[in-house]
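Engineer: One structure coming up, written as structure tokens, with questions to follow.
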Amino acid sequence: QVQLVESGGGLVQPGGSLRLSCAASISIDSFYAMGWYRQAPGKQRELVATISRGGMTHSTDSVKGRFTISGDNAKNTVSLQMNSLKPEDTAVYYCNAFTGAYEYWGPGTQVTVSS
């Protein structure tokens with residue numbers, strides 16, 4: 001059973017930073033790609049950023065230049081460094097992993113950006 005566990009969420013003021021981590025129960029090389037999604041109250045879940053097995057990254061326009069996704073094969077973790085946070089970044093952030101045949105989700109971590 002593959003498990004993904006997110007950590008690092010919390011309350012931060014606008015302009016602040018947070019670093020989210022996703023720990024996988026197996027080698028992240030097992031996944032074709034991993035990513036971060038978020039869901040704000042009353043809104044659909046949306047893609048934030050992805051990283052492929054080969055290290056190629058993609059992020060949605062609203063976070064480009066502010067968020068950076070990275071992977072650590074030795075620790076089996078994928079992280080999301082979030083800088084210059086805005087109130088509209090407030091959401092539950094979910095880690096996602098895709099093998100090409102199966103998709104896995106973590107339980108999510110709350111990020112709240114508020115003064």
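Engineer: Which of the residues spanning the range 52-78 are open to solvent by 80 Å² or more (accessible area, probe 1.4 Å), part of a strand (DSSP E or B) and of a type outside the set (S, T, N, Q)?
Structural biologist: Once the filter is applied, which keeps residues that are open to solvent by 80 Å² or more (accessible area, probe 1.4 Å), part of a strand (DSSP E or B) and of a type outside the set (S, T, N, Q), the range 52-78 yields only H58.
Engineer: Which members of the range 87-105 meet the condition of being more than 23 Å from I26 (Cα to Cα) and either surrounded by 13 or more Cβ atoms within 10 Å (Cβ to Cβ) or at pLDDT below 95 (or both)?
Structural biologist: D89, T90, A91, V92
Engineer: Within the range 30-47, how many residues are open to solvent by 50 Å² or more (accessible area, probe 1.4 Å) and within 16 Å of Q1 (Cα to Cα)?
Structural biologist: So the count comes out to 1.
The values are calculated or read from the model by the stated rules, or taken from the named source; none is laboratory data. All values derive from a computational prediction rather than experimental measurement. No Cβ is skipped: glycine too gets one built from the backbone with ideal geometry, and neighbour counts run over all protein chains shown. Accessible surface areas use protein heavy atoms only, side chains included; no ligands, DNA or RNA. Shrake-Rupley method; radii C 1.70, N 1.55, O 1.52, S 1.80 Å.
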